[in-house]
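**Student:** First the structure, then my questions, so here it is.
Just so you know, all these numbers are worked out from the coordinates, no wet-lab data involved. All figures in this text were calculated on a predicted structure; none of them were measured in a lab. Glycine also receives a Cβ, built like all others from the backbone with ideal geometry; neighbour counts cover every protein chain displayed.
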Amino acid sequence: MSNRLFLDTNVMLDLLGERVPYYDSIAKIATLADKGNISMVVSALSYSTVYYLLSKFENTDIVKEKLRKFMIISEIADLDHKVIEKGLASNFTDFEDSLQYHCALKADCNILITRNGKDFRKSEIPVMTADEYISSIRQTKS
């Protein structure tokens, strides 16, 4: 089974905003997804957040084009009634993180990629940074 990586909003923002020093590792993951070696999944919620934040610094047409291109190499996890109910009932201190987590579970992701691992301490699936994931697949190939 190939890896199904769920990307937290901050990681999607790192990629599309080309934020240093985080960009290189998430760009490598995006390349793996583009080649079909892995699947990248993001919550529908992340699109509005990333659009809002990037449009403060970039032309909105450019931001929309980045999001369209990102949709080609990623899947969108549904944010539906069940996910929201599970998020509301969860023990997460941050509601948005609980929604992200339950989207990842619903989408059958087996790894959650974030820069805020502490926010996902209660996760039933492995939580890694993009750097940690890249390192883990290098070790597997060795």
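**Student:** Across segment 122-142, which residue is farthest from the chain's Cα centre (by Cα) among those that are farther than 23 Å from residue 21 by Cα and outside any loop (DSSP other than H, G, I, E, B)?
**Tutor:** So in segment 122-142, the residues farther than 23 Å from residue 21 by Cα come out as 122-125, 140-142.
Pick out the ones that are also outside any loop (DSSP other than H, G, I, E, B) and you get 140-141.
Numbers: 140: 22, 141: 24 Å.
Ranking the candidates gives 141 first.
**Student:** Test residue 72 against the criterion of being buried (at least 20 other Cβ atoms within 10 Å of the Cβ) and either in a helix (DSSP H, G or I) or free of Cβ contacts under 8 Å to residues at least 12 places away in the same chain (or both), and give yes or no. If you could, list the steps in order and put the result at the bottom.
**Tutor:** Values: buried (at least 20 other Cβ atoms within 10 Å of the Cβ): no; either in a helix (DSSP H, G or I) or free of Cβ contacts under 8 Å to residues at least 12 places away in the same chain (or both): yes.
In short, no.
**Student:** Can you report the number of residues in segment 89-116 which are more than 24 Å from residue 19 (Cβ to Cβ) and either of a type in the set (S, T, N, Q) or assigned to a strand (DSSP E or B) (or both)?
**Tutor:** Residues that pass the stated criteria total 5.
**Student:** Right, another one. What is the number of the single condition among (1) within 22 Å of residue 23 (Cβ to Cβ); (2) of a type outside the set (A, V, I, L, M, F, W, C); (3) out of contact with any strand residue (DSSP E or B) (no Cβ under 7 Å at 6 or more places or on another chain); (4) part of a helix (DSSP H, G or I) that residue 56 does not meet?
**Tutor:** Just one mismatch for residue 56, condition (4).
**Student:** Follow-up. Going by what's in this entry, would residue 119 be described as among the acidic types (Asp, Glu), outside any loop (DSSP other than H, G, I, E, B) and in contact (Cβ under 8 Å) with a residue 12 or more places away in the chain?
**Tutor:** Values: among the acidic types (Asp, Glu): yes; outside any loop (DSSP other than H, G, I, E, B): yes; in contact (Cβ under 8 Å) with a residue 12 or more places away in the chain: yes.
In short, yes.
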